[in-house]
Structure formats: C-alpha cells, structure tokens
Amino acid sequence: MGERVYYSERYDNTWNGRDLSFGTYFYTLRNECIDRPISGAVHLMK
C-alpha cells in the first residue's frame, strides 16, 4: 500500500496535484450513500 497524498472529508474540486511528481496515483472513494468503495487511477501529467 502506498502513501496518502490527499484526503478530504468534503471534496470541493480544488485538488490539483501541484506538489506531486508526474505519474499514476490511485484513489478510493468511500461515502455513506455508496454501498462499496469506488477505486480508480489518476494520471498526473505536468
């Protein structure tokens, strides 16, 4: 498992990855309205 690079209780669409290196980052979304976590990847290009 990797290192957490971003966390938010209430995401407001302002994350831009500015302090991260280019590459592929994986995410997991959890919410009380969703019955299972949603996972995927973000490809950060600079």
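I'd like to know if the range 6-13 contains one or more residues that are of a type in the set (Ser, Thr, Tyr) and not in a loop (DSSP other than H, G, I, E, B).
no
Looking at the range 11-33, I want the residues that are farther than 9 Å from residue 44 by Cα and free of Cβ contacts under 8 Å to residues at least 12 places away in the same chain and have a partner that is surrounded by 10 or more Cβ atoms within 10 Å (Cβ to Cβ) and aromatic (Phe, Trp, Tyr) with Cβ atoms under 9 Å, at least 6 apart or on another chain. Which pairs are those?
From residues that are farther than 9 Å from residue 44 by Cα and free of Cβ contacts under 8 Å to residues at least 12 places away in the same chain, the pairs are 15/6; 29/11.
For residue 28, only one of the following conditions fails: (1) at pLDDT 90 or above; (2) exposed (fewer than 10 other Cβ atoms within 10 Å of the Cβ); (3) assigned to a loop (DSSP other than H, G, I, E, B). What is its number?
The number of the failed condition is (3).
The values are calculated or read from the model by the stated rules, or taken from the named source; none is laboratory data. Only a predicted model underlies this, so the values are computations on that prediction, with no experimental measurement involved. Ideal geometry is used to build each Cβ from the backbone, glycine not excepted, and the neighbour counts take in all protein chains shown.
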